[in-house]
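> I have a structure I would like to understand better, so I am pasting it below and will then ask my questions one at a time.
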Amino acid sequence: MYKIVFMRHGQSAWNFENRFTGWTDVDLTEQGRAEAKTAGSILRKAGFEFDLAYTSVLKRAIRTLLIALDEMDCMWLPVSCQWRLNERHYGALQGLNKAETADKYGSEQVHVWRRSYTTPPPALNPDDPRTSYAAPAYRTLSRDEIPLTESLKDTVARVMPLWNDVIAPQVREGKRILMSAHGNSLRALFKELDNISDDDIVGLNIPTGQPIVYELDANLKPIRNYYLDVN
Ligand SMILES: CC(=O)Oc1ccccc1S(=O)(=O)Nc1cc2c(c(O)c1O)C(=O)c1ccccc1C2=O
């Protein structure tokens, strides 16, 4: 049996303001940093040890991981920052809050988007300053790999190659992995691991700062998963 531990990054500045964040590189709030520390101490008290860690190229997930590793006193662990673990891209909604979104697009459209697995939000214009074309973190990507928007289906499609080609083989080799990622990139992984339907995945909400342990069989099929809690 294999184990892999996931955690969703702690509260960010735009979570706090209820703004769509997506690929915008906002940092953790004080509360978010505290959540990361709690996750680290939960893992330390539960006696977890790791061989390597994965995260996205967004600082809110990277900092969550580093704070947790510091709490476990294993900041020496190899860390791999992967763009494929980024949050879902919210296109032209990035930066908008609830009121601005409803004002701009109407609450009816919001309601449709909210429940849709295949519908992407409106795309950024290529010349929009919010695109990631000039960001050094994505300099190894071709222009057509850098999204201007994503449906949840699109997020699943760009997360899974990393799991199938890189992480799953390492789990099979017995590597003990910790992953710090985002609500929708974790949804993408859990959808495939647990074979969750398109309709059900949009309703799956993953709490922040609470490590999730997956126990996998020899074929990397989940046997069970459970949240580690403070106590
Ligand atoms: C809790 C909250 O205020 O959520 C926000 C934040 C910003 C804008 C709109 C809202 S909302 O109240 O309409 N709720 C709300 C709204 C939305 C979503 C969502 O999960 C959600 O909870 C999406 O996943 C979503 C995905 C893709 C496009 C639009 C939405 C969306 O418009």
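> Could you grab me the full set of residues in segment 119-174 that are away from the ligand (no atom under 16 Å from the Cβ), among the acidic types (Asp, Glu) and in a loop (DSSP other than H, G, I, E, B)?
Selection gives 127, 128, 173.
> Considering only segment 80-107, how many residues are assigned to a helix (DSSP H, G or I) and within 11 Å of the ligand (Cβ to nearest atom)?
12
> Only one residue in 53, 39 is part of a helix (DSSP H, G or I), more than 16 Å from the ligand (Cβ to nearest atom) and closer than 25 Å to residue 230 by Cβ. Which one?
39
> Let me spell it out: the conditions are (1) in contact with a helix residue (DSSP H, G or I) (Cβ under 7 Å, 6 or more places away or on another chain); (2) buried (at least 18 other Cβ atoms within 10 Å of the Cβ); (3) among the polar types (S, T, N, Q); (4) closer than 20 Å to residue 187 by Cβ, and residue 132 meets all of them except one. Which number is the exception?
(4)
> While we're here: Scan segment 108-124 for residues that are loosely packed, with under 15 Cβ neighbours inside 10 Å and without any contact (Cβ under 8 Å) to a residue 12 or more places away in the chain and jot them down.
The answer is 108, 111, 112.
> Which number in (1) surrounded by 14 or more Cβ atoms within 10 Å (Cβ to Cβ); (2) farther than 18 Å from residue 122 by Cα; (3) free of Cβ contacts under 8 Å to residues at least 60 places away in the same chain; (4) within 17 Å of the chain's Cα centre (by Cα) marks the one condition that residue 153 misses?
(2)
> I'd like the full set of residues that are part of a loop (DSSP other than H, G, I, E, B) and either touching a residue at least 40 places away in the same chain (Cβ under 8 Å) or small (Gly, Ala, Ser) (or both), limited to segment 177-215.
182, 197, 202, 203, 206, 207, 209, 210, 211 - these are the residues of segment 177-215 that are part of a loop (DSSP other than H, G, I, E, B) and either touching a residue at least 40 places away in the same chain (Cβ under 8 Å) or small (Gly, Ala, Ser) (or both).
> Looking only at segment 156-210, count every residue that is among the basic types (Lys, Arg) and either within 14 Å of the chain's Cα centre (by Cα) or farther than 18 Å from residue 2 by Cβ (or both) and tell me the total.
Within segment 156-210, residues that are among the basic types (Lys, Arg) and either within 14 Å of the chain's Cα centre (by Cα) or farther than 18 Å from residue 2 by Cβ (or both) number 3.
> Which one of the conditions (1) within 16 Å of the ligand (Cβ to nearest atom); (2) of a type outside the set (Gly, Ala, Ser); (3) crowded, with 16+ Cβ neighbours inside 10 Å does residue 177 fail to meet, given that it meets all the rest?
Only one criterion in (1) within 16 Å of the ligand (Cβ to nearest atom); (2) of a type outside the set (Gly, Ala, Ser); (3) crowded, with 16+ Cβ neighbours inside 10 Å is unmet by residue 177, namely (1).
> Which residues, counting only those in segment 6-28, are within 16 Å of the ligand (Cβ to nearest atom) and over 16 Å from residue 207 (Cβ atoms)? Steps first, answer last, please.
From segment 6-28, those within 16 Å of the ligand (Cβ to nearest atom) are 8, 11-24, 26; that's our starting set.
Correct list: 13, 14, 17, 18, 19, 20, 21, 22, 23, 24, 26.
> On to the next question. Only one residue in 90, 105 is within 20 Å of residue 189 (Cβ to Cβ), surrounded by 13 or more Cβ atoms within 10 Å (Cβ to Cβ) and not polar (S, T, N, Q), so which one is that?
On inspection, the qualifying residue turns out to be 90.
> Continuing with the same structure: State which residue pairs qualify: first residue touching a residue at least 60 places away in the same chain (Cβ under 8 Å) and of a type in the set (Ser, Thr, Tyr) and inside segment 11-28, second residue surrounded by 19 or more Cβ atoms within 10 Å (Cβ to Cβ) and assigned to a loop (DSSP other than H, G, I, E, B) in any location, beta carbons under 6 Å apart, and separation of 6 or more residues or different chains.
24/94
> Answer with yes or no whether residue 184 is at pLDDT 95 or above and under 25 Å from residue 223 (Cβ atoms). First the steps, then the outcome.
Working: at pLDDT 95 or above: yes; under 25 Å from residue 223 (Cβ atoms): yes.
Yes, satisfied.
> If a residue has to be at pLDDT below 95 and surrounded by 22 or more Cβ atoms within 10 Å (Cβ to Cβ) to count, how many in segment 5-36 make the cut?
Number of matching residues: 1.
The values are calculated or read from the model by the stated rules, or taken from the named source; none is laboratory data. Just so you know, these numbers come straight off a predicted model, no measurement behind them. Note that each Cβ is placed from the backbone with ideal geometry, even for glycine, and that neighbours are counted across all protein chains shown.
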